[in-house]
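The values are calculated or read from the model by the stated rules, or taken from the named source; none is laboratory data. Please read these numbers as outputs of a predicted model, since none were measured by experiment. Here Cβ is always computed from backbone atoms with ideal geometry, including for glycine, and neighbour counts include all displayed protein chains.
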Amino acid sequence: MANIKYRLKTNAKSKDNEPHTIYLRYKYSRSVDFETTTGVKIEPKYWSDKKQQIKNLSDVTDRNQKNRFLSDLRNYLIKSETEILTNGGTPTKQDIKRIYQGYFKPQHEPTKTTLLSFIDSFIDSDDNKHKAKGTLKTYQNTGYILKRFDKEVYKIDFDDIDLNFRNDFIDFCDTLNFSPNTIGKYIQVTKLFMAEAQDKELHNNNAYLHRKFKKPKGYQSHHIYLNDSELTKIYQLDLSKAPKLDQARDLFLIGAYTGLRVSDFNNLTPDNIIEHQGKELLRVNTQKTNKEVYIPLREEVKAIFKKHGNQPPKRMPDQHINYKIKDVCENAGIDEILHIDQIRGGKKITVKKFKHELVKTHTARRSFCTNAYLSGINTLDIMNISGHTSEKTFLNYIKADALQKANKISEHPFFSGKSNDLKAV
């Protein structure tokens, strides 16, 4: 079997911060040594020569598409070589050159845009480059699951996206043990793909707009929040001998005391800290909404900044925070046992989880909103920081139960009989 390898083309004028062309080399013997360009370009820092692919880094938004191309091209050459050998022949340099050229359709031949090819181009389009990483990740995950459905259940294109597909897709996702909320996200993004393609006049199928083409009914994901007492335990935890846990803890607490999303609290700089009328504030242009918000600094946040040289802690990859904050919470004794209702494979199950296992970066923001609400801060003032535009959505978002809400309003003058509007009878 031939040795097929990819390498970056370099020369004396090549610069490390500029894209280099990836070349393919097919070597079967001394006389069959064929090298040519793949047309794919990438900066050297993103290329893994060991793995023969573009590194799995979020900075390269089209890495999946390019890696898929490189993998498919290699497999095509191997398959063609196997056919030659099976038929009793030996591949020549001319054979490989012909096979390589045959892999690409002539440019003058129009290529029909399919649903799956459109999804790839849509995700990699310039319009999406500035969207939040979480949004792009949801697009990519949806595209991946649709491709699995296309491969494992039946072929799909624009005209196949109807109520029958919707039901079959839900059944397929059930077999993969996805939760109703996850399936709902996939359906929502599928509808977005269809709408974007329809805007470009790639199809005229309106079945995806049917009122029943929606997410399945199911149990809500179990989101938690940490109360002030639990946050204090985390704040007071001695992590001097575990610097990475300490860094994750500090970043998380900034989110829990400011209400910022991880995309914002994980990218703060000293320029975000300002003083106004003798008070320290955070001024942040939020990434998701591009809205400027001003947030008063609690003493805990000021102490964290002081600890890090009067500036925010250094950035840590989001997923690393997710992993480490669970360990931090476990060390802080956040060990309440929770019973979680879930749907897996279309069936309801109840699982037991320690509370620290459910903590993640978004728990910080939800904790801020819930604790601020229970402390009596005006809902609209909290929403001005959190970015919620609907009070109904905000009240659904926070994790205060009915009893906590009742206790909160019990101190209102209306219930204490001290309302100015009440008159003696």
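Within segment 160-204, the residues that satisfy the criterion of being among the hydroxyl-bearing types (Ser, Thr, Tyr) and assigned to a helix (DSSP H, G or I) are 175, 182, 186, 190.
A quick yes/no check of all residues on (1) in contact with a strand residue (DSSP E or B) (Cβ under 8 Å, 6 or more places away or on another chain); (2) over 30 Å from residue 361 (Cβ atoms); (3) modelled with pLDDT of 95 or more:
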site	(1), (2), (3)
169	no, no, no
173	no, no, no
191	no, no, yes
203	no, yes, no
207	no, yes, no
215	no, no, no
218	yes, no, no
225	no, no, no
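The set of residues in segment 256-272 that are closer than 14 Å to residue 299 by Cα and either among the aromatic types (Phe, Trp, Tyr) or in contact with an Asp or Glu (Cβ under 8 Å, 6 or more places away or on another chain) (or both) contains only 257.
Within segment 88-99, residues that are in contact (Cβ under 8 Å) with a residue 60 or more places away in the chain and of a type in the set (Phe, Trp, Tyr) have Cβ atoms under 6 Å from residues that are surrounded by 12 or more Cβ atoms within 10 Å (Cβ to Cβ) and in a loop (DSSP other than H, G, I, E, B) in no pair, counting only partners at least 6 apart in sequence or on another chain.
Residue 254 passes every criterion in (1) β-branched (Val, Ile, Thr); (2) surrounded by fewer than 18 Cβ atoms within 10 Å (Cβ to Cβ); (3) in contact (Cβ under 8 Å) with a residue 40 or more places away in the chain apart from (2). Among the residues of this structure, residue 295 does not count as one that is surrounded by 13 or more Cβ atoms within 10 Å (Cβ to Cβ), touching a residue at least 40 places away in the same chain (Cβ under 8 Å) and in a helix (DSSP H, G or I). The set of residues in segment 232-252 that are part of a helix (DSSP H, G or I), closer than 23 Å to residue 336 by Cβ and in contact with a Leu (Cβ under 7 Å, 6 or more places away or on another chain) comprises 234, 235, 245, 249. Only one of the numbered conditions (1) modelled with pLDDT of 85 or more; (2) assigned to a helix (DSSP H, G or I); (3) within 28 Å of residue 46 (Cβ to Cβ) is violated by residue 84, and that is (3). For segment 46-61, the criterion of being crowded, with 16+ Cβ neighbours inside 10 Å, in contact with a helix residue (DSSP H, G or I) (Cβ under 6 Å, 6 or more places away or on another chain), of a type outside the set (Asp, Glu) and part of a helix (DSSP H, G or I) is met by no residue.
Return the residue satisfying two criteria in turn: it lies in segment 351-382 and is among the aliphatic types (A, V, I, L, M), touching a helix residue (DSSP H, G or I) at 6+ places or on another chain (Cβ under 8 Å) and surrounded by fewer than 19 Cβ atoms within 10 Å (Cβ to Cβ), and of such residues it is nearest to residue 324 (Cα to Cα).
Initial filter on segment 351-382 (among the aliphatic types (A, V, I, L, M)): 351, 358-359, 364, 372, 374, 377, 380, 382.
Imposing the further condition that a residue be touching a helix residue (DSSP H, G or I) at 6+ places or on another chain (Cβ under 8 Å) reduces the set to 359, 364, 372, 374, 380, 382.
From what is left, the residues that are surrounded by fewer than 19 Cβ atoms within 10 Å (Cβ to Cβ) are 374, 380.
Working: 374: 28, 380: 33 Å.
Per the criteria, the residue is 374.
Can you confirm whether residue 67 is free of Cβ contacts under 8 Å to residues at least 60 places away in the same chain, within 37 Å of the chain's Cα centre (by Cα) and surrounded by 14 or more Cβ atoms within 10 Å (Cβ to Cβ)? Criteria met by residue 67.
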